[in-house]
Amino acid sequence: MGKKIAVIGGAGVRTVIFINGLLKRYEKLGIKEVALYDIQKDKQRIIEKLCLHTVERKGEHLRVYAAETPEAAVSGADYVVTTLRVGGDHSRVMDEEIALEAGVIGQETTGVGGFSMAARTIPVLLEYCEMIQRIAPQAWIFNFTNPSGLVTQALRQAGYDRVIGICDAPSSTKFRMANRLGVPEDALYVEFFGLNHLSWIRSVRYGGEELLPKLLADDGFLSGIQEFSMFDPALLRSLGLLPNEYLYYYYHREKALENIKKAGAARGKVIEEVNRKMMEELSGMDMDADPEGALQIFLYYMQVRENSYMSIESGLAKRPLLEKGQLEVPDGMGYAGVMLDCIEGMQSESGKSLVLSVPNCGSIPELGDDDIVEITCQVSSAGIRGVIVDEVPEHCMLLIRLLKHYERLAVKAIREHDAEMARQALMLHPLIGSYSLAGELLKRYDAAYGGLLG
């Protein structure tokens, strides 16, 4: 009997790319069907049609369908993906704009923007997890909902011990590094440690050789990888590590803030407008009569969307766009690749090495075993085992401990509807660092959402 995947938040635009990535591996992984569920029914119908055409144009036999209820989607599922945006695209715009008006960065996973998203999202995901545990207790839950590490921490703390946090940033970085070095991706070992969107690369090995010192000394390599090109090379050499791109908000905070202000809008506004235009164009055509034309429209707007990634904050130039009709569906990069790699690892004795957000369990000795960390793991049929990171540099450990303490307080504040605890959590965050500013921010978000903490 074949396995089933359920996607909660199935109307998300990345679902089409997820399905296309799955087509190369569904038979090997024993996957027979994918059920999509979303509260946005009109958008779900459009995404479902695009997914079905993606399957049909390749002559594959994977069953993909939209379920009417979350219970129907999850029933019989072996794996569940949670990829929600509670409040829709406009909530991200609000999160970013409120923060900017107060003079701080409000990116959706970092700082007060991440807190606002978590406050809206965690209660909803806890309800979904309760339902999943009741209907499909053996299912593994892959949480891609942002802020992924913080949300995964909340779900694990609530007792849902089959939740794994996934993020496509580390795998995308490794892909580009391998491409730049001209080596097979599977043969390149890249070791990450830290928290989601707050992690560092401490080892890069190929053919038994440690490459990190050479890479840090190579200006051409650093400028040739999007994630590293935004950082001052002197900083990277002094760190002795390669940083996750989201550390730009910490290491070059005033530059990021200035670039966003100069652009006139944060990325959320760009995403909202791109998604609006895409859905408007697709809703106005006969997708059944011209499914390939519809797919090309979708791919064009996805290209525009991805082109804006970190370009506003970093001030980097955007890449040139290809015309409609010339575009192919990406074949599994992103969260799909991480999830499928994890499933493949779980099904094999030899396993796979990949980066996940999982309980620490001694990987970073200064953190608690139940703290969620983002770390390189060996995933196999024997389980998930994170690497042991001895001698964490003090500058990394200080940030990790501070952000983890913020996360613990944030989860507790959200679950207990405690405004004072929320204020103390935000006061600790390096992008805020002030009790009075934290109070003012919470007041503004409360007013915007009619009570952020319920």
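The values are calculated or read from the model by the stated rules, or taken from the named source; none is laboratory data. Because the structure is predicted, anything quoted here is derived from the model rather than measured. Because the Cβ atoms are built from the backbone with ideal geometry, glycine has one as well, and the counts that use them run over all protein chains shown.
Worth a mention:
- Residue match in region 241-261 (condition: among the basic types (Lys, Arg), free of Cβ contacts under 8 Å to residues at least 24 places away in the same chain and assigned to a helix (DSSP H, G or I)): no
- Checked against the criterion of being among the aromatic types (Phe, Trp, Tyr) and buried (at least 18 other Cβ atoms within 10 Å of the Cβ), the candidates TYR189, TYR160 yield just one match: TYR160.
- Some residue of region 38-45 being buried (at least 22 other Cβ atoms within 10 Å of the Cβ), in contact with a Gly (Cβ under 7 Å, 6 or more places away or on another chain) and of a type in the set (D, E, K, R): yes
- Every residue from region 382-422 that is among the acidic types (Asp, Glu) and either at pLDDT below 95 or surrounded by 16 or more Cβ atoms within 10 Å (Cβ to Cβ) (or both): ASP390, GLU391, GLU407
- Looking only at residues in region 210-266 that are hydroxyl-bearing (Ser, Thr, Tyr) and closer than 20 Å to THR109 by Cβ, the one that is surrounded by the fewest Cβ atoms within 10 Å (Cβ to Cβ) is TYR251.
- Any hit, region 127-134, residues being of a type in the set (Lys, Arg) and surrounded by 23 or more Cβ atoms within 10 Å (Cβ to Cβ): no
- Sole exception among (1) touching a residue at least 60 places away in the same chain (Cβ under 8 Å); (2) within 19 Å of GLY337 (Cβ to Cβ); (3) of a type in the set (D, E, K, R) for ARG202, by number: (2)
- Screening TYR435 against (1) aromatic (Phe, Trp, Tyr); (2) surrounded by fewer than 18 Cβ atoms within 10 Å (Cβ to Cβ); (3) in contact (Cβ under 8 Å) with a residue 60 or more places away in the chain leaves a single unmet condition, (3).
- Test: residue in region 133-153 that is farther than 22 Å from CYS342 by Cα and either in the same structural domain as ILE432 (by TED's automatic domain parsing) or of a type in the set (S, T, N, Q) (or both): no
- Of note, GLU366 does not satisfy the criterion of being of a type in the set (Asp, Glu) and touching a residue at least 60 places away in the same chain (Cβ under 8 Å).
- Taking region 191-203 as the range and being in a strand (DSSP E or B), closer than 28 Å to ALA154 by Cα and not basic (Lys, Arg) as the test, the residues that pass are GLU191, PHE192, PHE193, GLY194, LEU195, LEU198, SER199, TRP200, ILE201.
- Screening region 37-143 for strands (runs of 3 or more DSSP E) wholly inside it with 1 or more residues that are in contact with an Asp or Glu (Cβ under 7 Å, 6 or more places away or on another chain) and at pLDDT 95 or above returns the ranges 63-66.
- Residue match in region 423-431 (condition: surrounded by 17 or more Cβ atoms within 10 Å (Cβ to Cβ), within 18 Å of THR152 (Cα to Cα) and within 25 Å of the chain's Cα centre (by Cα)): yes
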